Every structure is written in structure tokens, then in C-alpha cells.
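Encoded as C-alpha cells, the structure appears first; notes follow it.
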Amino acid sequence: MSVQTQELQERTEGKSLYNYQKGAIDKIFTCFEEAPDNYHLLYQLPTGGGKTVIFSEIVRQYLKTRKKQVLVMTHRIELCRQTSRMLSEFGVSNKVIDSKADLSDQGDYNCFVAMVETLNNRLNDNKLDISDIGLVIIDEAHYNSFTKLFKFFDNSFILGVTATPLSSNINLPMKDNYNELIVGETIQSLIENEFLARAEIYSYNVGLTSLVVGANGDYTVKSSEDLYTNTDMLTKLLQAYEERCKGKKTLIFNNGINTSLHVYDTFRRAGYKIAHLDNNNTKKERKAILKWFKETPDAILTSVSILTTGFDEPTVDCIMLNRATKSLTLYYQMIGRGSRILDKKDKFTVIDLGNNVHRFGAWGADLDWHKIFRSPNYYLDGILSDEELENNFKYEMPDDMREQFKNSEHVYFDIKKTYINSIRAGESSKVVLERSIAQHAHICVENSEDMWDALALAKLLGDDIDYRIGRYTKCISKSTHNFVDWLKDDYRKKLNAKIRSEFDEIYEEIHGFPPPEEE
């Protein structure tokens, strides 16, 4: 047993630590002892694994064994306060350096907590004495705003902590700022050992080719809002909630305030308990909204990225990603908000309306963080584009709709395969849609007692029809907006006409006898 582990077990103040947390502290202290004083070490641990607990115990032990000061940096004021409270729980007297802090008593403290921008201003103004800082801890180290401060700490050991050791800026890889990465427990291991809840993920295929990637490498707010505020997407979001999350405490993430407000209006009109939160809310409003969310069992909270870090509410049962992102870190942060366990909670629901699962894989999948750290470009280049993702989509009926077609063994129709076969046979590409319409008419009749039932079922096929038209236009390489709209409308008319004119014939073909005559 190491000296550090023995000290942990003997410690009475603060929080108790789990074995994997003790193991991480052992590894980090070994690095303190063996590496140079100005070494840069990065530690990875999934959201919910207790990074703040780990580095608070590291601070406590460091101050006990070394005659140096410690500085903890965060990127948001809320995280500053949370970190300060946690350090106090571990018996570490600390001072928060914010814009209003009086630094005349800084000599009375050995530990400081600061937000990066405030600290940068204080250091540039020479208002903070950092000559005795031996250890700098950086929370959420994947944010690049911290790197501009490294020049002030040439002689300090820097420990960065993050759930995702992938830089928020592709041009500033983390391997350029850190000498080594220590990887902590995996999400799967934390789930198996009942430290995190298991995610049940449901992905709804969404056409994203209208989205625009901005200078920061992620989708722009404007292009996201153009897509996610349209009626079809809002309806899809509401339907997904009612299918999978109804009655559960739900957190909805959006890309844009306007989108979140549209979501709020949509759910409120549907009679659900919902609140909206963004960075324009006052502290008092934010506190009241989060209190309501905590205390209301079936509450829905729609927000704009503000709750991706520094927000812990274990009672969350459902996470809805009502946005697409190119950021692996943001993807993990959003889903991680639902992963906290409770006595009666060992799983939570994730609804993905941004093809994020297709892009990054399932949350908790086995990622090689060392490889991502060493070769971030290799990993990023391997992520499929939206067009490639959509080419791999296969339409699947929602469960409640599939029940309406329960008499049909198969409801899927492969447009691409039918197109290839028709071209090889020397046929016109038009036969593809003709055969698709025939198949749709078949399953409508197969699940109906009369023509009117079949026509009613045909109205439910809108998403499937749009999917098939999308696949077809890609095959023929003709996809102008007006042409696609005309095809969708023409398809619906021809499907209804086929059901009306051929219902008896199709019915008899399926059942072997004519439909019963109407009384």
C-alpha cells in the first residue's frame, strides 16, 4: 500500500474516496515525484466519475507534503464556486479570485481558485503574486482559453483534468501542451460497478445537410435554428418525448435561444410542465428555475448549452439532444448530465435528434483516448460527414406506428437496391417509385378492413415517403428543392389513387378472397 493510499484511509475530513479514485491519486503523485517540476500532466475521467473530488484530495495532500501554493483554474464562475466549496469540504482553506476579490490578504492562503479570464487580467496587471505556485490544476482542460496562461507558470507542475482529452480547437491539439495522459476508469466500468447509470439511446434519423459549419468547427446557431425551429422538427421532438420520455424528468439541449423558446412554446401548448433557461436569465431566475426543476418529478427544462458543465441533478431521467454537434466533448457532456445514479435509478433515456450517435458512436463506447490524444487529426478525419451518415440511414417506423402495420412482416423498401437492379435490367428509373408505391399500397391494404382504413394508414407514411424520395433523388443525382417537393406530392397522390382503384384486387391477392361487401 502506498503512503498516499494509507493517508486517504486515515483521513477523517472531507469525502470518502472510491478505490479507482485512490488509484488515480497514486499515479498522479508518482508523477509528482518522478517528473520535473514544470511537467504538464493530463488526467482523463468520465463525467460523473468525481474529478473534482480527486483533485481536491490531491490539493489537500500536496499542501500537506510540500511548501508550495496551489492554483485551481476553471472556465466559468459557477465552477469556481463549486470547486471552492469542495476544497473546503476537504479541509483546504482557499480564496476565490473573482473580479471583486480583495487580494490584500492573499498571503493568508495557500490555495486559490480563479476563472481563467479574471486570472489573466490580474496577472497582466501584476496584482497577484504567483511566485510560490508549485501546482496548477486546470478543470475542463480541453478548453483552449487556458493555454494563454501557461506562460506565467513556467516553473509549476500543471495538472489538467477532463472527461474528453480532445481539444476544442483542432489547430491547438492537447498533445502540444501536455507531456503525458493518464486515462482513468471507463464509462462501462463505472456503470458495471454502479457509479454511473446506463444510457438507453434512441436515435431518430434527421436530414442535416442544410447545416453550416462555422469557424469554431461546429454547426452555426443560425443554420441550426433554421432547421430545428421548423414545424416538422418540433413535431418530431414532441413525438419522441411522448414515445420515450413522457412522465420523466427531462433535459433538452438546443443550439440557439430561439430554438429553445420554440421548444418551450410547443411543449407548453401540448400541456406539459416546461421551463426555458439560457445565459440571459438573472442569477435569481436561474436559481428559481433549477429549484423548480429539482422539485418537480415530471419537469422538462429546455436550455442552450448552459447546463453542459457544472450542473449536477441526479433526478434527470431523460436527455434530449435537440441539436447536432461536431464536438465529441459536447456530446459526452450533454449525455453525462443524465448519468448520475440514485437509489432507484440505474439507467436513463437519451433521445438523439442530431445523428450524434451515428457520428460518434454510443455514449460509453470503448474509445482509445491515448490514440485520440496523440493523433487527434486521425480521429477527427475518420468521423463521417452528414452526407455519408444520411446515405447509411435506414428508415424505421416508430413503435406505435409499426403496431398499425402489425400484419406486415416487412415494411422496409430498399430504394437504392431497387434502383441498381432496375438500371442493370435496362429499365427506366421511374419504375423504382412505381414499385415503392405498390409496396406501400400493399402494406396499407394488408392492415385494413376496407379502402377507407387503407387511405387512413397511407396518411401515416409521410416520413417514410420523404425518406424514400430522398434516397431516390440521390440515386438519380437530381435534387433541386422544387423537384423534390413535386416528387413528394406526386407520390402521395399516386399512392392514394392506387389504393382507391386497386383495393379489391390487392386485398384478394393478399388474402385469397375478396373483401367483405359493405352493408
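Bear in mind these aren't lab numbers, they're just calculated from the coordinates by the rules spelled out. What you see is a predicted model, and the numbers here were worked out from it, not measured in a lab. Here Cβ is always computed from backbone atoms with ideal geometry, including for glycine, and neighbour counts include all displayed protein chains.
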Item to check | FRET efficiency estimate (nearest 0.05) - Cβ-Cβ, Arg85 to Ser501, R0 56 angstrom | outcome: 0.15
Checklist entry - How many nm is it between the label spots at Lys151 and Glu427, if each spot is 7 Å from the Cα in line with the beta carbon? => result 6.9 nm
Next on the checklist: Give me the extension gain from Thr296 to Asn391: residue separation times 0.36 nm, minus the current Cα-Cα distance, reported in nm with one decimal.
Outcome noted: 30.1 nm
Next on the checklist: Less than 18 Å from a label point 7 Å out along the Cα-to-Cβ axis of Val484: which backbone N atoms in segment 351-367 qualify, by residue?
Outcome noted: 354-355
Item to check | Beta bridges by DSSP in the chain, antiparallel share as percent, to the nearest 5 | outcome: 5 percent
Next on the checklist: Suppose only helical runs count, i.e. DSSP H with n ≥ 4. What mean residue ellipticity at 222 nm does that imply for the chain under -39500 (n - 2.57) per run, divided by all residues and rounded to the nearest 500 deg cm²/dmol?
Outcome noted: -13500 deg cm²/dmol
Item to check | Ranked by how many other beta carbons lie within 10 Å on average, peptides 203-214, 332-343 from highest | outcome: 332-343, 203-214
Next on the checklist: Modelling each spin label as a point 7 Å along the Cα-to-Cβ direction, I'd like the Lys493/Asp343 distance in nm, to one decimal.
Outcome noted: 6.4 nm
Next on the checklist: Over segment 3-185, what portion of Cα pair distances is larger than 21 Å, expressed as a whole percent?
Outcome noted: 46 percent
Next on the checklist: Testing the spin-label approximation: label points 7 Å from Cα along Cα→Cβ at Ser93 and Lys67. State their distance in nm.
Outcome noted: 1.8 nm
Checklist entry - How large is the dipole of segment 298-355 about the Cα centre if only Lys and Arg carry +1 and Asp and Glu carry -1, each at its Cβ, rounded to the nearest 20 debye? => result 200 debye
Checklist entry - Glu180 label point, 7 Å along Cα→Cβ, cut-off 13 Å on backbone N: hits in segment 358-382? => result none
Checklist entry - Along the Cα-to-Cβ line of Asn171, 7 Å from the Cα, sits a label point; which residues in segment 359-381 have backbone N less than 20 Å from it? => result 375-381
Checklist entry - Debye sum, Cα scatterers, segment 191-366, no solvent: what log₁₀ I/I(0) at q = 0.08, 0.10, 0.11, 0.18 1/Å? => result -0.22, -0.35, -0.42, -1.21
Item to check | segment 324-389: equivalent-ellipsoid semi-axes (sqrt of 5 x gyration tensor eigenvalues, Cα, Å) | outcome: 25, 16, 9
Item to check | Kirkwood Rh, angstrom, segment 399-511 [1 / mean 1/r, Cα pairs] | outcome: 14.6 Å
Checklist entry - Which FRET efficiency value, to the nearest 0.05, is calculated for Asn126 and Asn38 with the Förster distance at 25 angstrom and r the Cβ-Cβ distance? => result 0.70
Checklist entry - Normalised by the residues of the chain, what does the relative contact order come to in percent, with Cα pairs under 8 Å and at least six apart? => result 13 percent
Checklist entry - Which percent of the Cα-Cα distances in the chain go past 32 Å? => result 53 percent
Checklist entry - Based on the Cβ-Cβ distance of Tyr378 and Lys474, what FRET efficiency does E = 1/(1 + (r/R0)^6) give at R0 = 22 Å, to the nearest 0.05? => result 0.15
Next on the checklist: Nearest 10 degrees is fine. How inclined is helix 481-511 to the longest principal axis of the chain, computing both from alpha carbons?
Outcome noted: 60 degrees
Checklist entry - Which whole-angstrom value gives the distance between the alpha carbon centres of segment 72-128 and segment 135-191? => result 19 Å
Checklist entry - Cβ under 14 Å from Phe267's Cβ, Phe267 left aside: what net charge do those residues give with Lys, Arg +1 and Asp, Glu -1? => result +4
Next on the checklist: Here is the link list: Lys51/Lys291; Lys236/Lys459; Lys417/Lys478; Lys416/Lys488. Which ones come out longer than 22 Å on Cα distance?
Outcome noted: Lys51/Lys291
Item to check | For Gln239, net neighbour charge (Lys/Arg +1, Asp/Glu -1) across residues whose Cβ lies under 13 Å away | outcome: -3
Checklist entry - Using a 4.7 Å Cβ cut-off, which Cys residues in the chain lack a partner cysteine? => result Cys31, Cys80, Cys111, Cys444, Cys475
Checklist outcome for this item: Measuring from the longest principal axis of the C-alpha atoms of the chain, the long axis of helix 430-446 (C-alpha) lies at a number of degrees, nearest 10, equal to 90 degrees
Checklist entry - Taking the Cα centre of each part, how many Å lie between segment 352-423 and segment 223-255? => result 19 Å
Item to check | With Cα atoms, 0 to 90° folded angle of helix 462-476 axis to the chain main axis | outcome: 90 degrees
